Amino acid sequence: MKNLSLIILLSVLIPIGINGQCRGFTKKTGRPLVEPYIHNGQMNSAVLFPGDSADIMLTFYSEQQYRLVICAEEQLGDVSYKVSDIERNLIFDSKNSDSNVFDFIVESSQQLVISVAVPKSEHTHEIDFQGCVAILVGFKN
Amino acid sequence: MNIKQYILIASIGFLLFSCGEQAGKTEIEVDIDPPEEPTIDIREKSDKITKIFFNIPSPIETSKILQDAGATYEFKLPSNPSAVDDYQSIVEQSLNMGIYGADLNYASVFDQTTETMLYLQCARTLGNNLGLGQVFDEETIDRIDLNLEIKDSMQVIITEIFWEMNSYLEEEGRQSISALIILGGWVEGVYLSTQLAIIAPDNEILKLRIAEQKYSLTNLIGLLNSYEDDDISPDILEELQELDAIFNNITAVKTTGENHKDENGVTTIGGSIKLGMNDAILGEITAKVVEIRTDIIN
């Protein structure tokens with residue numbers, strides 16, 4: 001009964017709390033990493049579970065320099081990301097660079113796909129903790 | 001479990017989940033019997049998903065692109081700030097928040113202080129109507145007052161204002177409102193670009209920037225389609241799909257190239273995509289965008 005009560009209570013609290021947490025996390029942890037680039041002001045974030053992945057399709061202009069920042073809450077482990085063109089040809093894989101920041105220029109304006117993957121949980125129990133993943137874009141001329 | 005214990009758990013829960021990143025690192029500890037079964041059954045371990053998101057360049061980025069393309073500030077083009085009180089429904093307010101937001105960035109990038117203030121006021125009015133008044137707090141207003149003449153600082157402040165609005169909407173589960181703001185901003189950006197192309201018909205860079213909007217429109221339609229919401233009306237989507245059909249007449253010839261990284265760690269993604277847009281297509285895009293924008297602002 002105690003467990004049931006706790007589940008009901010937390011199921012009410014967690015969605016509100018996690019969303020607010022994602023906003024605060026992105027602001028405090030992600031946005032400073034965008035500097036000295038100008039943050040484009042867009043909020044691309046999601047609450048993910050271990051084993052989840054997320055793809056985001058973005059357009060980038062030629063003659064601009066961009067900074068892509070991926071930040072994830074610690075409990076999600078080593079979140080990796082890849083940058084591909086629209087035909088899914090791999091351009092960048094964070095596993096080869098160990099950085100959550102990718103600075104780049106596109107010779108021609110184009111759509112790119114940023115794929116973020118949260119590692120599977122190593123816990124043996126059947127519960128996973130969710131966490132916030134934020135994708136931020138900065139630019140400069 | 002008595003009522004005091006509920007209050008205690010609620011308080012702990014609130015503290016844990018309202019303290020930014022620290023909260024995320026913290027294990028949930030409450031003084032109850034050790035659980036025999038999973039206590040926080042948020043989702044089954046086997047139930048993994050892939051989420052797909054879409055986004056487009058922000059109005060500040062588009063305004064910078066226009067400036068780099070040699071465009072000028074034309075006072076007659078942006079939306080009428082006096083019309084701000086005419087927008088009564090949430091959909092109208094959201095779409096016009098996007099329109100005014102793009103006009104605000106256009107004015108700011110081209111260093112038009114009076115217009116910047118006018119459009120900031122429009123954003124504030126619509127922000128209040130949309131329940132986003134907290135974004136324009138005293139600190140933000142003071143920063144605006146102090147930095148009004150400093151273009152770079154103003155652009156940072158404007159970007160932060162729109163980020164805060166966007167993130168509050170996301171936090172409150174009102175992403176479709178956010179999508180409508182993005183839609184309004186994109187329409188105004190293409191409207192300004194196409195009207196500026198009429199004023200400067202020989203500006204080929206500007207025409208290229210208009211043609212490149214085909215990518216953003218694809219993403220924008222994807223973004224709007226991801227919300228099964230009454231706020232995103234089928235009429236708006238239909239209009240955009242008609243515009244998309246025009247953009248699809250633009251040809252694209254892709255040449256592959258090598259990627260390389262310079263000494264500063266900046267990767268250049270090589271290859272070229274040559275877009276072909278003749279004046280007839282440009283004329284059709286211009287007319288369709290005027291039609292969509294007119295529906296939004298009137």
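The values are calculated or read from the model by the stated rules, or taken from the named source; none is laboratory data. Only a predicted model underlies this, so the values are computations on that prediction, with no experimental measurement involved. A quick note on method: Cβ atoms are made from the backbone with ideal geometry, for glycine too, and the neighbour counts reach across all protein chains shown.
Listing for the model above:
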quantity: Among the residues listed as B:GLY257, B:GLY265, the single one being assigned to a loop (DSSP other than H, G, I, E, B), within 13 Å of chain A (Cβ to nearest Cβ) and modelled with pLDDT of 90 or more; calculated: B:GLY265
quantity: Candidates B:ASN128, B:ASN166 - the one that is without any contact (Cβ under 8 Å) to a residue 60 or more places away in the chain, touching a Phe, Trp or Tyr at 6+ places or on another chain (Cβ under 8 Å) and in a helix (DSSP H, G or I); calculated: B:ASN128
quantity: Single residue of B:ILE232, B:ILE198, B:ILE177, B:ILE157 found to be surrounded by fewer than 22 Cβ atoms within 10 Å (Cβ to Cβ), more than 12 Å from chain A (Cβ to nearest Cβ) and assigned to a helix (DSSP H, G or I); calculated: B:ILE198
quantity: Pick from segment B:93-115, criterion touching an Asp or Glu at 6+ places or on another chain (Cβ under 8 Å) and among the charged types (D, E, K, R), ranking: nearest to A:GLY138 (Cα to Cα); calculated: B:ASP103
quantity: Unmet criterion (only one of (1) surrounded by 12 or more Cβ atoms within 10 Å (Cβ to Cβ); (2) away from chain A (no Cβ under 14 Å)) for B:SER216; calculated: (2)
quantity: Single unsatisfied condition, A:THR29 versus (1) at pLDDT 90 or above; (2) within 7 Å of chain B (Cβ to nearest Cβ); (3) assigned to a strand (DSSP E or B); calculated: (3)
quantity: Which numbered condition B:TYR191 fails, given (1) part of a helix (DSSP H, G or I); (2) among the aromatic types (Phe, Trp, Tyr); (3) surrounded by fewer than 20 Cβ atoms within 10 Å (Cβ to Cβ); calculated: (3)
quantity: Long-range neighbours under 6 Å by Cβ, at least six apart or interchain, first residue within 16 Å of B:LYS214 (Cα to Cα) within segment B:276-298, second among the polar types (S, T, N, Q) and assigned to a loop (DSSP other than H, G, I, E, B); calculated: B:ILE281/B:ASN249
